[in-house]
Number of protein chains: 2
Amino acid sequence: MVKPETLHAVLNAKTVSVVGASSNPDKTGYQVLKNILDAGYQGRIYPINLKAESILDINCYPSLLDVPEDLDLVVIVVPAAAVPEVMQQAADKNARGAVIISGGFREIGNVELENEVMGIANAHDIAVIGPNCQGINYTPNKLCACWPLLTKRGGMAVIAQSGTIGATMGGWAEDEEIGFSALLALGNKSGVGEIELLDYFASDEETKVIALNIEGVKDGRAFIKTAKSALSKKPVVVLKPGRTRKGAEAAQSHTKSIAGSDKVFEAVCKQTGLIRAEGICEFYDYSKILSMLDAPLGRRMLVITSSGGSGILAADTAEDLGIELKQLSTDIKDRLKEILPNQCVVSNPLDLTGDATANRYMQALDVAITSEVIDCILVIFGDPVHKASDVVRDISSRTDKPIVVAFLGGGDVEKEEVLLMHQAGIPAFPTPERAVRAIGALLKKKNY
Amino acid sequence: MVKPETLHAVLNAKTVSVVGASSNPDKTGYQVLKNILDAGYQGRIYPINLKAESILDINCYPSLLDVPEDLDLVVIVVPAAAVPEVMQQAADKNARGAVIISGGFREIGNVELENEVMGIANAHDIAVIGPNCQGINYTPNKLCACWPLLTKRGGMAVIAQSGTIGATMGGWAEDEEIGFSALLALGNKSGVGEIELLDYFASDEETKVIALNIEGVKDGRAFIKTAKSALSKKPVVVLKPGRTRKGAEAAQSHTKSIAGSDKVFEAVCKQTGLIRAEGICEFYDYSKILSMLDAPLGRRMLVITSSGGSGILAADTAEDLGIELKQLSTDIKDRLKEILPNQCVVSNPLDLTGDATANRYMQALDVAITSEVIDCILVIFGDPVHKASDVVRDISSRTDKPIVVAFLGGGDVEKEEVLLMHQAGIPAFPTPERAVRAIGALLKKKNY
C-alpha cells in the first residue's frame, strides 16, 4: 500500500524529471515535457535524453544520475526494457514517485519485466502510477504530466482506468470552465490503485467529488471499506464499463480485469452510497454538479422555463426519477400572476414563455424562492436570454436551495452566459433531461 | 389543408415583408429582420414600420399596402390585436404565406381573435405558420425568418412544436457543420401543421431526414397515413415529450395538446416505422446520422478503437440494442496480427491502443473492411489522432459499409478533425454510447 504522504509528495512534487524527453513533436516524450512547461509548472524540471543538450530550451541530462539534486517525481516514457534501470536510478535519486507511461508490460504478457520494475520501486517506497498509463495532472501544483494539456483548477478528482475517459472528463471540464483538481490514469495499476487514490482524495481539500472509472476491483472487501470511508467525507461517482456480457469480455481483453457480476457491483453501489453513472456523459454531469452544489433538503423541484417544450421534457425526466413537481401555493401563484404577463403559465413548470427577459426571470424567482413546497429549482433558459447569469447568481446568493440551469436554443448568448454561470459556481446543462438527471445524482449526496 | 405548391412558394419566397420591424435591438422585430439580412437572403425585403424611414439601412414602409409589389411571404411581429388588419393587407398583396410570430391568441384564450385571423387567411389561401411561433428558416433560400441566426445548409428538416427545441437542433447542426434544410416552428399550428409539413418535406429534395417534435396529434388517423407515406420516402425521427403523467399535464398547459396515451403513440411508431427519440440529444443524434448515411445491411458491427475503455462502453451499448460484435475470421485476425504491434488486442473491439496513429488505423481498416462478418464499423478515436479524418474519408470512399466515428479525449485535434469528418459526410459523436445509439437508429432506416 502506498502511503498518503508519499502520494502527497508526488502530486506536490517540487522537482520532476522526464526520462525519455524528446525533441520530436510526434513523440510522447516531447508532448509530456511540453505540457508540463505549458501548464506553468513552478518546480524544477529535468529532461533526460542521452544525446540532446536541451529540449524546448531546457537543459538536458544524459541520465537521472547526472541530475544535480534529488527528485520528487520521475516520469518515464522510455521503452519497457529500459525501465528497470531507470527505476533503479530513480531510487538512487530518492524519488518519491514514478509515473510510467511506457507500455509493454503485463498488458502484453511481460509480467516478469513488470515484476522486476515493481520490485525495485517497492524496495525503495516509490509510488508507481502505471505502467501503461496516460500520466497524471494535479492542477493545484500546475503539474500536467500527461496529455492533452489541461490546466483549469476545480473540485473534481478523476481517477480513470481509461486514459481516454480521464482525458475526456478533463477536456470537458476545461471547455466548460468547471476545472478539476486531479486527473490520474491507472493503467496497469501495479503500484497505486483505486484504493489508495480513493483514500487520498477523500482527504484532499482541493477535491469536492471523486470521479472513479474502473473496469474491475482487485480486492472487493478492501474496496467496499475504502469506498464507505471516502463516502463519509465526500461523494464518489463511479463509471464501470463492462455491464453486459460483451462488455465484460472486452474489459477482460483490455486490462485483464474481471468485471464481475454487474448485479453484485450494483448492490455494492447501493450499499456504500457510490453514485453510479450510466455512461461517460452522466459520469461528467454527475461529477460536475456534485463538485459545485450541496444536496437539496428534499425531492421537490420547481421548474421555471421560457420554453414550454423543455419544461415538459424536464417533467418527464423528473417523474422517471421520482423527483416531485409540486404545485405552488395559491398565495404564491396569485403573487406570480400579478407580476407576470398573462401569456405566462403559472404552474409547475412555470412557463415564462418565449419572450421572457432576465428581468422576468428575476421577478418570478424572487417570488418563487419564498415557496415552502420546493427544495431546488431548475431554471431553463430556452432562448438567447441576455444576462441570464446575473439572475441565477443573484438568486443563488439569496437562497440555500440549489439552483440548477439548463440552457438551450440560445446561440452565442448561451455560450457566454453558461461560462459566466460556471465561474459563479452554478452548473448549467445543455438539455433539461441532463439537468434533471444531474439533480437526481445530487439528491444522492449526503450532508458532509 | 395547405397545398404543397403554396408551401413551396412560401419557403422559396422571392419577396418578404417584416411587419413590425423595429430599430430597437431588443425587439423581435429587429432581430428577425437582421437575421434575414445576415443570412444572406437574395430576394427583396420590405420592413414595415409606421414611423421609421429605414431600419438596418433598408427602406421602410408605413403599411403593407405601400409596398410597391406583391409579396410571397409576410412575417408578422405586431401585437395580436393588429394581426387581423395585417392579414387583410397581406391578402390584398396576394401573399402566399404568413409567419405569425406574435403571441396572444388561442394560447391565452383569445380564440376568437385567432379565428378571425385564420378566417381571412383561409379565404385567401394564405398558408399560416403559427401564430405564437418562432418563425421559419429554409437554408436553400437563405431565408432565416426566425432566431437565432443559423445558415448552414444540410439534409435535416426540423419541424418543431417547441421553438426552443427547433433552435437547439439548428444550433447544434450549425456548430457541428452538419446543417439543416429547414427549421419550422409550429406554434399554435392553426394553419400549417405536422401533416402538411411531413407531406411536404417527404418530397423536398433538399431534405434527407425529417425531425418532428410534437406534443400531440390533432387527427390521429390522418397522422398515421401521412407518416406512413412520408416514411416510404425517407426516415422520420420523432420527439414527443409528455411521456409521463406529469409531462402530459405540462404539455396540456403548454399547447393545450392532449398528449394521449404514450403506449398508443409508441405503438403508432412501431406500426409506421417512425424512429422515436428519447430526448433532445437523441433527437439530434438520430437525425444527424440519418441525414448522412444509408442503413447497414445487417446488425453486425466492428469496433476499432485506440481506447480500450471506450471500446467496452461501445460493447455494452451494442448489447443493450441487440447490435452484434462478431469475432473476425481467423484469416483476417492473422493478417491484422501481422501488421499491428504486439500490444494491440486483435478482437472485436479491435484495440489499437493509446499510441495509435492515423497510419495504424488505416492499416487496420484496410484489412477489416474485407471482412464478411461485419455490416458497419464504429471507429473510436480516443486520443488526439492527427489526420483521423483522412483515414475515415478514405475508407468510406472504398466501402459500402457505413463508417461511424466516436471521437473523445482528443483536445483541439478532436475539434478540428470532427468538423472535417462532418464536411466529408461522416458523422462523429462525442461518446461511444451516443455513436452506438445513433447506429441503432440507423438500423431502423429503410432502403429508399
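The values are calculated or read from the model by the stated rules, or taken from the named source; none is laboratory data. The model shown is predicted, which means the values in this text are computed figures rather than measured ones. Note: ideal-geometry Cβ built from the backbone for every residue, glycine included; neighbour counts use all protein chains shown.
Descriptive notes on the structure:
- Identification of helices (runs of 4 or more DSSP H) wholly contained in the stretch A:289-388 with 1 or more residues that are of a type in the set (Lys, Arg) yields A:330-339, A:358-368.
- The number of residues in the stretch B:328-354 being surrounded by fewer than 17 Cβ atoms within 10 Å (Cβ to Cβ), in contact with a Ser or Thr (Cβ under 8 Å, 6 or more places away or on another chain) and not hydroxyl-bearing (Ser, Thr, Tyr) comes to 1.
- Failed condition for B:Leu197, given (1) closer than 28 Å to A:Ala406 by Cβ; (2) at pLDDT below 95; (3) surrounded by 20 or more Cβ atoms within 10 Å (Cβ to Cβ): (2)
- Qualifying residue in the stretch A:10-22 (condition: in a helix (DSSP H, G or I) and in contact (Cβ under 8 Å) with a residue 40 or more places away in the chain): yes
- In the stretch B:408-429, the residues that are of a type outside the set (A, V, I, L, M) and surrounded by 20 or more Cβ atoms within 10 Å (Cβ to Cβ): B:Gly409, B:Gly410, B:Glu414, B:Glu417, B:His422, B:Pro427, B:Phe429
- Leading residue by the ranking (farthest from A:Leu73 (Cα to Cα)) among those in the stretch A:23-53 that are among the aromatic types (Phe, Trp, Tyr) and without any contact (Cβ under 8 Å) to a residue 60 or more places away in the chain: A:Tyr30
- The set of residues in the stretch B:276-288 that are more than 10 Å from every other protein chain (Cβ to nearest Cβ) and not in a helix (DSSP H, G or I) comprises B:Arg276, B:Ala277.
- Unique residue being facing another protein chain (nearest Cβ under 9 Å) and touching a Leu at 6+ places or on another chain (Cβ under 6 Å) when the list is B:Ser306, B:Ser347: B:Ser306
- Lone unmet requirement of (1) out of contact with any helix residue (DSSP H, G or I) (no Cβ under 8 Å at 6 or more places or on another chain); (2) more than 14 Å from chain A (Cβ to nearest Cβ); (3) closer than 24 Å to A:Leu313 by Cβ for B:Lys225: (3)
- Some residue of the stretch A:287-298 being among the β-branched types (Val, Ile, Thr), more than 30 Å from B:Ala250 (Cβ to Cβ) and in contact (Cβ under 8 Å) with a residue 60 or more places away in the chain: no
- Pick from the stretch A:399-441, criterion aliphatic (A, V, I, L, M) and part of a loop (DSSP other than H, G, I, E, B), ranking: farthest from the other protein chains (Cβ to nearest Cβ): A:Ala424
- Options B:Lys326, B:Lys246, B:Lys337: the member that is more than 9 Å from chain A (Cβ to nearest Cβ) and without any contact (Cβ under 8 Å) to a residue 40 or more places away in the chain: B:Lys337
- Tallying residues that are over 28 Å from A:Gly247 (Cα atoms), in the same structural domain as B:Asp316 (by TED's automatic domain parsing) and polar (S, T, N, Q) within the stretch B:393-448 yields 2.
- Index of the failed condition, B:Lys246 passing every other in (1) outside any helix (DSSP H, G or I); (2) touching an Asp or Glu at 6+ places or on another chain (Cβ under 7 Å); (3) at pLDDT below 95: (1)
- Some residue of the stretch A:116-129 being at pLDDT 95 or above, more than 20 Å from A:Gly20 (Cβ to Cβ), polar (S, T, N, Q) and surrounded by fewer than 24 Cβ atoms within 10 Å (Cβ to Cβ): yes
- Those residues of the stretch B:151-170 which are surrounded by 24 or more Cβ atoms within 10 Å (Cβ to Cβ) and either under 24 Å from B:Leu420 (Cβ atoms) or of a type in the set (S, T, N, Q) (or both), in sequence order: B:Gly154, B:Met156, B:Gln161, B:Ser162, B:Thr164, B:Thr168, B:Met169, B:Gly170
- Restricting B:Ala123, B:Ala127, B:Ala202, B:Ala157 to those that are among the small types (Gly, Ala, Ser) and closer than 29 Å to A:Val413 by Cβ reduces the list to B:Ala157.
Yes/no matrix, rows are residues, columns are (1) at pLDDT 95 or above; (2) touching a strand residue (DSSP E or B) at 6+ places or on another chain (Cβ under 6 Å):
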{"position": "B:Ala230", "(1), (2)": "yes, yes"}
{"position": "B:Lys233", "(1), (2)": "yes, no"}
{"position": "B:Gly242", "(1), (2)": "no, no"}
{"position": "B:Phe265", "(1), (2)": "no, no"}
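- Residue count for the stretch A:131-145 satisfying the condition of being out of contact with any Cys (no Cβ under 8 Å at 6 or more places or on another chain), closer than 11 Å to A:Leu184 by Cα and at pLDDT 95 or above: 3.
Residues are listed down the side, and each one gets a yes or a no for (1) outside any strand (DSSP E or B); (2) touching a helix residue (DSSP H, G or I) at 6+ places or on another chain (Cβ under 7 Å); (3) of a type in the set (Lys, Arg):
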position: A:Lys34; (1), (2), (3): yes, no, yes
position: A:Gln42; (1), (2), (3): yes, no, no
position: A:Tyr46; (1), (2), (3): no, no, no
position: A:Ala52; (1), (2), (3): yes, no, no
position: A:Pro68; (1), (2), (3): yes, no, no
position: A:Val75; (1), (2), (3): no, yes, no
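- Residue within the stretch A:232-242 that is of a type in the set (D, E, K, R), more than 9 Å from chain B (Cβ to nearest Cβ), in contact with a helix residue (DSSP H, G or I) (Cβ under 7 Å, 6 or more places away or on another chain) and surrounded by fewer than 24 Cβ atoms within 10 Å (Cβ to Cβ) present: yes
- Set B:Glu53, B:Glu114, B:Glu69: member being in contact with a strand residue (DSSP E or B) (Cβ under 8 Å, 6 or more places away or on another chain) and more than 21 Å from B:His8 (Cα to Cα): B:Glu53
- Among (1) of a type in the set (S, T, N, Q); (2) touching a Lys or Arg at 6+ places or on another chain (Cβ under 8 Å); (3) more than 14 Å from chain A (Cβ to nearest Cβ), the one test that B:Gln271 misses: (2)
- Hits in the stretch B:402-415 (condition: under 22 Å from the mean Cα position of the chain (by Cα), closer than 20 Å to B:Met362 by Cβ and among the charged types (D, E, K, R)): none
- Residue within the stretch B:289-299 that is facing chain A (nearest Cβ under 10 Å) and surrounded by 19 or more Cβ atoms within 10 Å (Cβ to Cβ) present: no
- Remark: B:Leu183 falls outside the filter, which requires a residue to be crowded, with 20+ Cβ neighbours inside 10 Å and over 16 Å from B:Phe283 (Cα atoms).
- Residues of the stretch B:187-227 satisfying the condition of being assigned to a loop (DSSP other than H, G, I, E, B) and over 18 Å from B:Ile126 (Cα atoms): B:Asp204, B:Glu205, B:Glu206, B:Thr207, B:Lys208, B:Ile214, B:Glu215, B:Gly216, B:Val217, B:Lys218, B:Asp219
- The set of residues in the stretch B:9-35 being more than 23 Å from A:Thr357 (Cβ to Cβ) and buried (at least 16 other Cβ atoms within 10 Å of the Cβ) consists of B:Ala9, B:Val10, B:Leu11, B:Ala13, B:Thr15, B:Val16, B:Ser17.
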